[in-house]
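Scroll down for the structure; my scribbles are underneath it.
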Amino acid sequence: MGSPGGGDLLRARLCSERMAAADLDPARALADLRALRELTEDDRGAQRVAWTDTWAQARAWLRERLAELPLDVDQDEAGNLWAVLRGARAETVVLGSHVDSVPDGGWLDGALGVLAGLEVVRAIAAGGEPPVTVALVDWADEEGARFGRSLLGSGLATGLAEPHGVAGASDRDGTRLADALAAHGVDLDAAPRARARLDRAVAYLELHIEQGPVLEREGFAVGVVTGTAGVERHVVRIRGQAVQGGGFPMDARRDALVAAARLVLAVREAAHDERSRATVGTIAVRPAIPTAVPGECELVIDQRNPDARALAAMLSEVHDAAAAIAVQEDVEIDFERIWAIAPVTFDAAFVDLADEAAREVTGASARLFSGALHDAAAVASAGVPAAMLFVQSTGGISHAREEDTAPEHLEAAIRTLARLTDRVIERSTPRG
């Protein structure tokens, strides 16, 4: 008679064989993606912004898909949607991503990872009880589009974010983040209790579009992510003096917008190397009328680099430039950090497994770091071994209606995720 551990390992291999044999259907996942697109997209793009009615509609649609399977489905204290396939053991392999989008966003960003994960879970469920528990999670508000706090749901569930650190956020209309969450059944103060969901997690796997041109340029359908860049995000407030534009001499003006324009260029110049990223994606001026010199300006600076020291140097350079601009333009400039995360390196063993899976499915693989943020970074920062797969993005375009990936590449990526999940389940199953 074999040992219990040996039986678990045999069960893992049988589960893998059953899933690979008949039940995985990448075309079904693509049909799900197209159905979600039809439901939540308008002529400008996807409108699944977190904590809105359209996002809630997408969540309700996802729950309908999940209800077709033998899963325990519920929302945790941070607003993340979980679907759990109970296995022979409590150790849990988690697959996930997010269905929320930016305004006027693309049809694949985030949604691909959730619906590819759903297809993998479908296939595993069709094979009977897995040797370990398998969970699918739709993280809430990965984008941070409405309140400026990225990775909100995964951050609250991993300790990367704390309620007191985000409670003061509000959207453009003045709605408080805590009130928006409450409207969707989330008590912000109770959100850290969601951390218990990861207590038995032994792995986290995520598939995402690349959102860049590297894989397409190099001719790879699928790539393996080695880690994510660190991020420094700051609100910068500039105060000059609003005056009548027609009556005030040019050399006497304290123009907040001119100072902001110079600062935007300094942000770009501080991104020296090919791994640096720097963006000013929002800017507002007051009084914002054609005949007045702007007296106030507010902008958000987002800087990224996979090297912590390089990121710190980028931020320091921008601070130095701001100090010089403040003197030269006779304005006041203040920085407020609103979000940050250190660079994250994914689990080396899982990265190797992901690379093997990509090569087996597509015949080739590339390793690359991610400048974009992903929930996998929050999960990995909490100590859960994590791996990510990228699939090629057409033209590198994302966060836009034009976002796309060739169907054959999407199907290959879903098969790679399934192969990786097989390997991770087998690895996570105790041996005799």
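The values are calculated or read from the model by the stated rules, or taken from the named source; none is laboratory data. A quick note: this is a predicted structure, and the numbers were derived from the prediction, not measured. Positions of Cβ are backbone-derived with ideal geometry, glycine not excepted, and every protein chain shown enters the neighbour counts. For the accessible areas, the whole protein counts, side chains as well, though only heavy atoms, and no ligand, DNA or RNA atoms are used. Shrake-Rupley method; radii C 1.70, N 1.55, O 1.52, S 1.80 Å.
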Inset, instruction - Looking at (1) in a helix (DSSP H, G or I); (2) open to solvent by less than 20 Å² (accessible area, probe 1.4 Å), find the lone condition where Glu408 falls short. - result: (2)
Inset, instruction - Go through segment 281-301 residue by residue and tally those that are surrounded by 15 or more Cβ atoms within 10 Å (Cβ to Cβ) and in a loop (DSSP other than H, G, I, E, B). - result: 2
Legend entry - Neighbours by Cβ (under 6 Å, 6+ apart or cross-chain): first from segment 178-205, touching a residue at least 60 places away in the same chain (Cβ under 8 Å); second of a type in the set (Phe, Trp, Tyr) and open to solvent by less than 30 Å² (accessible area, probe 1.4 Å): Ala180/Trp51; His184/Trp51
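Residue by residue, here is whether (1) modelled with pLDDT of 95 or more; (2) under 20 Å from Val202 (Cβ atoms); (3) open to solvent by 50 Å² or more (accessible area, probe 1.4 Å); (4) not in a helix (DSSP H, G or I) holds:
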position: Ala354; (1), (2), (3), (4): yes, yes, no, no
position: Arg359; (1), (2), (3), (4): yes, no, yes, no
position: Arg367; (1), (2), (3), (4): yes, no, yes, yes
position: Ala376; (1), (2), (3), (4): yes, yes, no, no
position: Gly383; (1), (2), (3), (4): yes, yes, yes, yes
position: Met388; (1), (2), (3), (4): yes, yes, no, yes
position: Asp404; (1), (2), (3), (4): yes, no, yes, yes
position: Ala413; (1), (2), (3), (4): yes, no, no, no
position: Asp422; (1), (2), (3), (4): yes, yes, no, no
Legend entry - Some residue of segment 64-72 being of a type in the set (Gly, Ala, Ser) and over 23 Å from Ala190 (Cα atoms): yes
Inset, instruction - Would you tally the residues in segment 311-347 being open to solvent by 30 Å² or more (accessible area, probe 1.4 Å), more than 22 Å from Ala261 (Cβ to Cβ) and not polar (S, T, N, Q)? - result: 7
Inset, instruction - Sort out which residues of segment 213-227 are outside any strand (DSSP E or B) and open to solvent by 10 Å² or more (accessible area, probe 1.4 Å), and write them in order of number. - result: Pro213, Val214, Glu216, Arg217, Glu218, Gly219, Phe220, Ala221
Inset, instruction - Identify all residues within segment 157-185 that are in contact with a helix residue (DSSP H, G or I) (Cβ under 9 Å, 6 or more places away or on another chain) and of a type in the set (Ser, Thr, Tyr); write none if there are none. - result: Thr158, Ser170
